[in-house]
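What follows is one structure encoded as structure tokens, with my remarks underneath.
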Amino acid sequence: MTVSPLTPTSPRAYDPIDLSSRAFWSTTAADRERSFAELRAHRPISWHPPVEDALMHDPEDPGYWAVTRHADIVTISKDSETFLSGRGVLFENVPEELLEASQSFLAMDPPRHTMIRKVVHAAFTPRQVRRIEDSIKSNAKGIVGELRAAGSGADFVELCAKELPIRTLSDMVGIPESERLQVADAADAMVSWGDPEYLNGRNPLEVLIGSQMYLHQVAGALAADRRENPGDDLISALVHAEVDGDRLTDAEIAAFFVLLAVAGNDTTRQTSSHAMKALTDFGDQRSWLMADFDDRIGGAVEEFVRWATPVMTFRRTTATDCRVGDQDIVAGEKVVMFYASGNFDDTVFEAPQRFDLGRRPNPHLGFGGGGRHFCLGAHVARAQLRAIFGELLTQLPDIEAGRPAYVAGNFIHAVRSLPVAF
């Protein structure tokens, strides 16, 4: 179905499939995929009302275009001249100062995005990468040992999936032991403000801003210390990195720290949990992987990410009038990419409902679909997933996941808890 371009005298109708309601995001991934499949087949670009659980209600917000087809998502991801990130990457409109303080260059456009990303990239030296990978392997071994010591019936999310990302982040940036738990809790809060169970009656905006301020304080203290006492960590590298005379300000370092704390946590944490459940449900795939683990884990990790799709949506805003597929879109309108739909597009993935660790090719959208905003830490996430499953399937070869408890939400495909038996 093609909808006419918006004009003052002809407001467009919202699609009958409501992707904006709490009810939709409270269903299972399989239920949501049935809706996505209908949209991909018949209305790949569809118009929807503002999301129901917005942090800040905006009476001027008319809604957004939902993009559900893999090819269209890739097109938008790679065209950052037309589809802007600087007005935010979430469904809703957020004040610019809050955006910059919490999303760093994720919510920027060139030339500022280009400059900050170059400086950050310069801090990821080969030495840094080697050090990170060594610490990941060591941490993964210790974490699985702790899970084993906790005994059968332990919560996989709390004791394993949640632990490796925060230990990796702490080692990368040099977070002191005394701050690690609180940093992990603050990073959690940055993506959990829409979860009533997590909030437990608290004001979501206060939780979000309070957590952001705390992370900025930690980053500021670390940056000030590393400026005087540089060490072998990422904050030291960021403080002293320079590209073409450009260096990061303290505010830019703090914003990047928030982004790193959030993005560096959720991709690995959620993917680990979903993959553990899938390896339980698809025993044949687990057997296939273990028959030649070292040779097969690289490709298996890509399927872990596709299957989990830990980040389900990202938004862009159009800079000019444009056309996506058969749909005309007006300058200034919001366009939301539904990665959870694109990763199950059967025109791209053969039998997408099958968890297939040998899938080739596997052009999943788990790290952003390409373009300028492709995930800078993708190699770190992959290294963590390789390491943690290497340890899990070796130290606990009979481990099996029980029934997961999911968090309702339209951004992160979050697992609240997952009991495991071994």
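Once a ≥ b ≥ c are taken as the square roots of the eigenvalues of the Cα gyration tensor of segment 31-183, is the result rounded (a/c under 1.5), prolate (a/b larger than b/c) or oblate (a/b not larger than b/c)? If you can, show how the numbers build up before the last one.
Details: a/c = 2.03, a/b = 1.48, b/c = 1.37.
Verdict is prolate for segment 31-183.
Give the residue from 11, 90, 352 lying farthest towards the positive end of the charge dipole for the chain; charges sit on Cβ (+1 for Lys and Arg, -1 for Asp and Glu) and the dipole is referred to the Cα centre.
The Cα lying farthest towards the positive end belongs to 352.
Would you calculate, for the chain, the mean residue ellipticity at 222 nm contributed by helices, counting each DSSP H stretch of 4 or more residues as -39,500 (n - 2.57) and dividing by all residues, to the nearest 500?
Result for the chain: -16000 deg cm²/dmol, rounded to the nearest 500.
Under 16 Å Cα-Cα from residue 137, which lysines qualify once same-chain neighbours fewer than 8 residues away are excluded?
162
By its C-alpha gyration tensor, with a ≥ b ≥ c as the square roots of the eigenvalues, how is segment 213-350 shaped: rounded for a/c under 1.5, else prolate for a/b larger than b/c, else oblate?
On the way: a/c = 2.67, a/b = 1.26, b/c = 2.12.
The shape class here is oblate.
Rounded to the nearest 0.05, what FRET efficiency do residue 41 and residue 328 have when you use their Cβ-Cβ distance and R0 = 25 Å?
E between residue 41 and residue 328, to the nearest 0.05, is 0.75.
Across segment 38-54, in residue order, what do the Karplus-derived ³J(HN,Hα) couplings come to in whole Hz, using 6.51 cos²θ - 1.76 cosθ + 1.60 with θ = phi - 60° and x for Gly and Pro?
5, 5, 4, 6, 10, 9, x, 10, 10, 9, 9, x, x, 5, 6, 9, 5
Residue by residue through segment 408-422, which ³J(HN,Hα) values in whole Hz follow from phi under the Karplus form 6.51 cos²θ - 1.76 cosθ + 1.60 (θ = phi - 60°), with glycine and proline marked x?
Working through the residues one at a time gives 6, x, 9, 10, 9, 7, 9, 10, 6, 8, 7, x, 10, 10, 7 Hz.
Compute the FRET efficiency between residue 346 and residue 225 as 1/(1 + (r/R0)^6), taking r as their Cβ-Cβ distance and R0 = 60 Å, and round to the nearest 0.05. Before the final figure, lay out the partial values.
Working: r = 52 Å, r/R0 = 0.87.
Once the sixth-power term is evaluated, E becomes 0.70.
Give the residue from 143, 211, 383 lying farthest towards the positive end of the charge dipole for the chain; charges sit on Cβ (+1 for Lys and Arg, -1 for Asp and Glu) and the dipole is referred to the Cα centre.
Farthest along the dipole direction, towards plus: 383.
Size of the dipole of segment 22-421 about the Cα centre, Lys and Arg at +1 and Asp and Glu at -1 on the beta carbon, nothing else charged, in debye to 20? Show your work: numbers first, answer last.
Numbers: 41 positive and 58 negative charges, 156 e Å.
Roughly 740 debye, rounded to the nearest 20.
If amide hydrogens are placed 1.01 Å from N in the peptide plane, which non-local residues have theirs closer than 5 Å to the one on residue 84?
Excluding prolines and chain starts, which carry no amide H, the hits are 317, 318, 319.
Taking θ as phi - 60°, what are the ³J(HN,Hα) couplings along segment 65-71 by the Karplus curve (6.51, -1.76, 1.60), each to the nearest whole Hz, with x for Gly and Pro?
After applying 6.51 cos²θ - 1.76 cosθ + 1.60, I find 8, 9, 10, 10, 9, 3, 4 Hz.
Pull out the extension gain between residue 378 and residue 287, defined as 0.36 nm times the separation in residues minus the alpha carbon to alpha carbon distance; nm, one decimal.
On the way: separation 91, 0.36 × 91 = 32.76 nm, distance 2.63 nm.
Additional length available on full extension: 30.1 nm.
Over the chain, what is the mean sequence separation of C-alpha contacts under 8 Å (at least six apart), divided by residue count, expressed as relative contact order in percent? Intermediate results must be reported in sequence, preceding the final value.
On the way: 681 pairs, mean separation 103.5, N = 422.
Computed value for the chain: 25 percent relative contact order.
Return the FRET efficiency for the residue pair residue 199, residue 403: r is the Cβ-Cβ distance, R0 is 25 Å, and the value is rounded to the nearest 0.05.
That pair, residue 199 with residue 403, gives E of 0.60.
Under 20 Å Cα-Cα from residue 78, which lysines qualify once same-chain neighbours fewer than 8 residues away are excluded?
List returned: 118, 334.
Could you give the nm distance between label points at residue 55 and residue 321, where each point is 7 Å from its Cα heading toward the beta carbon?
3.4 nm
Kindly identify segment 355-419 as rounded, prolate or oblate by the Cα gyration tensor criterion: order the square roots of the eigenvalues as a ≥ b ≥ c, call it rounded if a/c is under 1.5, otherwise compare a/b with b/c, prolate if a/b is larger, else oblate. Provide the component values of the computation, followed by the final result.
Numbers: a/c = 1.94, a/b = 1.30, b/c = 1.49.
Oblate is the answer for segment 355-419, as a/c is 1.5 or above yet b/c matches or exceeds a/b.
Every read-out reported here was derived from the displayed coordinates using simple, explicitly stated rules and does not represent laboratory data. Since we're looking at a predicted model, the values are computed, not measured. Methodologically, a virtual Cβ is constructed for each residue, glycine included, from the backbone with ideal geometry; neighbour enumeration extends over all protein chains shown.
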